[in-house]
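Here is the structure we will look at.
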Amino acid sequence: MTAKADAAVGLPIGFGVEIDADTKQVDEVTLFGGSPARLMRLSAAGGVAWRELTAGPIVTSAAAVLSRSLSDAGVIHPVPPPMATRPDITAVIPVRDRVTMLGRCLDAIEPGLRVVVVDDGSRDPSAIAAVCRRRGVELIRRPQSGGAGAARNSGLVGLDTDFVAFLDSDCIPTPGWLTALAAHLVDPMVGAVAPRIVATPTTAARSAVARYTAVAGSLDLGERPARVQPGTRVAYVPTAALLVRTTALQDVLTDGQVFDPALRYGEDVDLIWRLHKAGWRIRYDPTVLVEHHEPQTWTQLLSRRYRYGTSAGPLAVRHPSAMVPLVLQPWPALAVGAALTGRRRTALLGAAGAVVSLAINLKKAGLPPASAVQPTGIAVQQTWLGIGRYLTQFAAPTLLASLVAPSRGGRARWRRLALVSLLVGGPLTRWWTTRPEVDPFRFVAASIADDVCYGAGVYAGCRDAHTLIPLRPRISWRPYRFPARSKRGSD
């Protein structure tokens, strides 16, 4: 087994750790958390190592190995010490026609960095060349546009640095971003690390669309760190801003190419998932920020969402197990489905079944069964919101037709209220959480339009790729992972 795939290779000595916000310490040697959620019981030695991790940086090999296991599970997140100097990095920037944005991007790049700009068939190549010449960066000219992935492939040819930074021309990095990201690559098992991408403040920042994208940007993956892999809270990161180990890219070459040139959209997701399959860890560090120019009109925003959606079909052909639009737990799904149809007793039965099922597993693991109530409530809520978003994306006309269809009786009124909650529940929850500078009515309308356009793109991508995988929900029969009561982990 190679070092990059071997969990026995601990985190580097001197690294600190951050406990994930969802992690709960049940007792001295029992942890609950991660993504997907699991219960982890430590040995006596593991308990000592855990106390070392919570007290400060890693100083022993036992703590290093334990921290690897916990960070792989998403229970904790590595916090590398700051680097004194930036390692040798080459930045590759694809561009097409964005002359002004390219200039702003290059102006924000720290001095001394080798930069390769790839002109992907711009209509005015002389303007791109002038920008690059004034700033003293290398330029590669592609006569025809092949997309961002193909342009990055051209920029990678002949590079000899240990690390490559991908940066889109409509991004503005913050000072020190590469040095901060490179600190994660001191860990030899980390193949790539991504910053948080936030909307660039503009003079039109008070427009409704700008206020919406400030909290609902398509590339903003939130303020919590994560290990990036399919089936978890952060399933992918974009290559709009990404630092990658060159040897990791060499591991995933296909026909001599890093990015699949056949993918016009979603080529970044495809790369991340291939790196994951190859055994590399990918980290998301939201403490490092890169600004991204978001669409300034609703038409631009919704068109972009549609285009992103079209990548689902081609990605599903390449990664069928990773493209899951909705994961349902049986008991919470029964509770939500019954509530939507006005069958309140069945809904109560589903909720009770979820509590009892979890309580039994907790008891088998030696934990108090009464603690099953809160996770069950969260599971039912997340199931409701997840079904709402799924139906908004893929069945919005049916939802709207059901709302306006004539009906009478108490159960019919209940179903209508339930359908309304499916449409607006998720957007209102996000509005309440983020408190954007836009009223809830516009935010809800924008969120629904956002989801509908993305879903339309998914349908188009499925049609072109001849697959229905991105439309198929999955049932998770074992949503939580529990150790046997008598089993003591060796961590």
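Just so it is clear, none of the values below were taken in a lab; they were calculated from the coordinates. Because the structure is predicted, anything quoted here is derived from the model rather than measured. Don't worry about glycine lacking a Cβ; one is built from the backbone with ideal geometry, like all the others, and counts go over all protein chains shown.
Along its first, second and third principal axes, ordered by size, the chain spans 71, 64, 42 Å in Cα coordinates. Among D160, D22, D187, D120, the ranking by other beta carbons within 10 Å of each residue's beta carbon, starting with the fewest, stands as D160, D22, D187, D120. By the Kirkwood approach, averaging reciprocal distances over each pair of separate Cα atoms, region 36-159 gets a hydrodynamic radius of 18.2 Å.
Placing unit charges on C-beta atoms (Lys and Arg positive, Asp and Glu negative, everything else neutral), compute the dipole magnitude of region 3-79 about its Cα centre in debye, rounded to 20.
Working: 6 positive and 8 negative charges, 26 e Å.
It works out to roughly 120 debye.
Which number comes out as Rg/Rh for region 123-266 once both Rg and the Kirkwood Rh are worked out on C-alpha atoms? Mind dumping the intermediate values first?
Working: Rg = 16.8 Å, Rh = 17.4 Å.
Taking Rh as the inverse mean 1/r over Cα pairs, Rg/Rh reads 0.97.
For region 370-447, pairs of C-alpha atoms spaced more than 14 angstrom apart make up 67 percent of the total.
Taking the inverse of the mean reciprocal distance over all distinct Cα pairs, the Kirkwood hydrodynamic radius of region 3-79 comes to 12.1 Å. Quick one: compute the contact order of the chain, relative version, from alpha carbon pairs under 8 angstrom and 6+ residues apart, as a percent. Relative CO of the chain lands at 16 percent.
Roughly speaking, what is the stretch gain from V186 to D124, that is 0.36 nm per residue apart minus the C-alpha to C-alpha distance, in nm to one decimal? Intermediate results must be reported in sequence, preceding the final value.
Numbers: separation 62, 0.36 × 62 = 22.32 nm, distance 4.12 nm.
The span from V186 to D124 would gain 18.2 nm if fully extended.
With r defined as the distance between the Cβ atoms of H466 and Q144 and R0 fixed at 25 Å, what FRET efficiency is calculated, to the nearest 0.05? In this case the efficiency is close to 0.40. For region 89-295, the Cβ-based charge dipole about the Cα centre amounts to some 240 debye (Lys, Arg positive; Asp, Glu negative; other atoms uncharged). Here is how the number arises for the chain: DSSP H runs of 4 or more residues each give -39500 (n - 2.57), the sum is divided by the residue count, and the result at 222 nm is -14500 deg cm²/dmol. Counted by Cβ distance under 13 Å from L334, the other residues give a net charge of +3, where Lys and Arg count +1 and Asp and Glu count -1. Only lysine pairs 8 or more places apart, or on different chains, with alpha-carbon atoms under 22 angstrom apart are counted in the chain, and they number 6.
Over region 327-475, the reciprocal of the mean inverse Cα-Cα separation, the Kirkwood hydrodynamic radius, stands at 17.1 Å.
Evaluated with a Cβ-only charge set (Lys, Arg +1; Asp, Glu -1), the chain carries a dipole of roughly 2240 debye about its Cα centre, given to the nearest 20.
When I19, I89 are ordered from fewest to most other Cβ atoms inside 10 Å of their Cβ, what list results?
Numbers: I19 16, I89 22.
Fewest to most other Cβ atoms nearby, the residues stand as I19, I89.
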